[in-house]
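Here the structure comes first, spelled out in C-alpha cells, and everything after it is commentary.
A short reminder: the numbers here are calculations on the coordinates, not readings from a lab. Quantities reported herein were computed from a predicted structural model and do not represent experimental measurements. Glycine gets a Cβ as well: all are built from the backbone with ideal geometry, and neighbour counts include every protein chain shown.
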Amino acid sequence: MLLTAMLTIACLGTPQGGGDPPALLTPAEQKSLQAKLAKYVETQTAYDAAGSNDKQREKLLKDYNKARDAFNTEWEGRMEKKGNLLGSMHDLQAVFANCLSYERKPALSFRKVDAKDGIPAFDLSVPKNYRAEMPTRTVLLLPGLDEKNQWIDGRRWFEMTWDKSASVNDVIFHVSIVAPESELDPVPDYSRSSGEEEENGRIKEVLQSYGETKRQYNVDRSRLVLDAGKGACAFGVRLATHFPEVFAGLVLRHPTSLEGIRLGSITGLPILLLSSAATADACKEIKTQLEQLDPKQCTILETTDAYPFKGATADIEKWMAGVQRVVNRSKVVIEPNHDRFTKAFWVAIDTMDALQTAAPDKKPRVEAIADRAQNRITIKAVGVEGLTLQLNDALVDLSKDFTVIVNDKAVTEKRNRDFNRMFEYMMMKYDSDFLFPVQFRVRVPKGDDKPAEAGDNK
C-alpha cells in the first residue's frame, strides 16, 4: 500500500495549551482541582437529569451544592495564591480534562442496541481494554452499499472493515444503522418542502444514536473519526461541514463527487481517501478541491484489495493515530450548506442572508484568523450581519487590549475573563475542550460603521 501524501495533522494553528503563559499550578494542584471539578460536573448533571421526586431532588441538590462549594473554595484559593488561572490554558486544560459525567458502563462485545425512547437503533463495540477513567478514541461507522445498492448490515460491515484489527483493542466502534429506504449522498433540495426534513432525518439517524454512546461511555471527543462506505461518503463530508468541530478526521472508502457541497467549513480537517480503480478519478478531483482549502489536509491511500478494503486497515490506523481535533485553531472558516448549521469552533454566525436566495458570489461566508503575536483577530465576512466569538488566551492575550478587524474596519476592546460563563458554555457544549472565558459579539460593518460598539457584548 502507498500513502500518496504525507501523513500530517492539519490543525491550522495554535495547538491546545499553546504555551502562553506557562502553567501556574503544580501537577498535584491541577489533579486536586480536576477531581473536585469532575465531582461538581457529575452532581450537576445528575441533578439536571433528575425526575419529579422531590425527596430525590433535594438529596441531589445537597450533593451538588457540596461539590460546587468544594471546587469553588479550592479554585478561589489557588487564584489568590497563584494568579489568574483563567489566563493559563495549560492549567485550564489540565483542570477540565476528563471532567464530564457519563454512565461508566463496562466493555461490550459487538452487539446491536435496540431503539429506545426515540433514539434509533445502532451497533456498538467497546474494547476489552476500555477503562471508564480514560477517554477512548472512537470511530463512527457509516455502512456502505452492496452490489445491489442495499445498505450492508452493521455486523457484516464491521466484519468487512475493522473486525480482528489492532484497533478493536483500544477503539470504541459505533455503527449507525441506516434505514433501507434512506439515501444519504444526494445533496438536499431545500427548495422542496421536504428537503430540510429529509436532511434532518439523515442527521438524526447518525448523530442521535452516537449521542447515546457518548452518554454511556468515556468517548474522547477530540479523537472521533468518521468512516464512511459507498453511498455515504458525500453525506459524511456534508455532515462534517454542518458540524466541523465534531470530527478529528474522515475516512472515505468510496469517494464520489462533492458537487453541490460548499467545502470551506472543513478547512484543515484531515481526510483520508481510499483510492481504487472505481474511485481514482474522484479521489484526484476531491484532493484538488481540498488542497485549495489547505494543501496538507488530504491523503490518498492506494488500495490493493477489494472494496471495502479491509487490507488497508493497518495504513488507516497509522493515519488515524496522527489526527486530533484542535478547538483553539488559529483559522476558522464557516461556509454553510444549511441556514441552521452556522457554527465552527470559536466562531458563530448570528445573522446572515438566506442561502437559497443569495447570489452565488454573495452566499454567507466567514473567515476568521486569530494572531496572538499581534493580539488581533481578522475577519472577512460576506452575507453576514452579526457574529459571536468565543475567546481564550490561546487565541489572544486577554490580559491586554485586543483588536478585532472586520472587513478592514477595526475596533480595540478589553474584556474580563469570566469563569461562570466559561463553565456554562462548556456544560452547554458538554465538551471540555471548549474553554472560553470571554464572549464577544461583533456586528459586521456597513459603510463607515465600526464592527462593534461598546455595550454590545457580555
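When the Cα atoms of the chain are enclosed in a convex hull and the volume is divided per residue, what value in Å³ results?
So the per-residue hull volume is 161 Å³.
Rounded, prolate or oblate for segment 108-321? Axes are the square roots of the Cα gyration tensor eigenvalues, ordered a ≥ b ≥ c, and the cut-off for rounded is a/c under 1.5.
Taking the square roots of the gyration eigenvalues as a ≥ b ≥ c, segment 108-321 is rounded.
ALA179 label point, 7 Å along Cα→Cβ, cut-off 16 Å on backbone N: hits in segment 114-133?
Label zone hits: 115-122.
Sorted by packing (mean other beta-carbon atoms within 10 Å per residue), highest first, where do 395-402, 419-426 land?
The packing order, highest mean first, is 395-402, 419-426.
Under 19 Å from the Cα of LYS81, which lysines turn up, not counting those fewer than eight places away in the same chain?
Filter leaves LYS31, LYS36.
What order do you get for 107-118, 283-294, 432-443 when each peptide is scored by the mean count of other beta carbon atoms within 10 Å, highest first?
Ranking, from highest mean packing down: 432-443, 283-294, 107-118.
Between SER194 and TYR430, what is 0.36 nm times their sequence separation minus the Cα-Cα distance? Round to one decimal in nm.
The SER194-TYR430 span can extend by a further 81.9 nm.
Taking just the alpha carbons, could you work out the radius of gyration and Dmax for segment 331-443, both in angstroms?
Here Rg and the maximum Cα pair distance are 14.3, 42 Å.
Order 73-80, 169-176, 148-155 from most to least packed using the mean count of other Cβ atoms within 10 Å.
Details: 73-80: 13.4, 169-176: 21.1, 148-155: 15.2.
So the peptides 73-80, 169-176, 148-155, ranked by packing, come out 169-176, 148-155, 73-80.
Suppose we keep just the alpha-carbon trace of segment 27-82; what are its Rg and Dmax in angstrom?
So, for segment 27-82, Rg and Dmax equal 13.2, 43 Å respectively.
For LEU108 and ARG156 in one chain, what is 0.36 nm times their gap in residues minus the Cα-Cα distance, to one decimal in nm?
Additional length available on full extension: 15.5 nm.
Based on Cβ point charges of +1 for Lys and Arg and -1 for Asp and Glu, what charge dipole magnitude is obtained for segment 79-155 about its Cα centre, in debye rounded to the nearest 20?
300
What FRET efficiency comes out for the pair ASN65/LYS204, r = Cβ-Cβ distance, R0 = 45 Å, nearest 0.05?
That pair, ASN65 with LYS204, gives E of 0.80.
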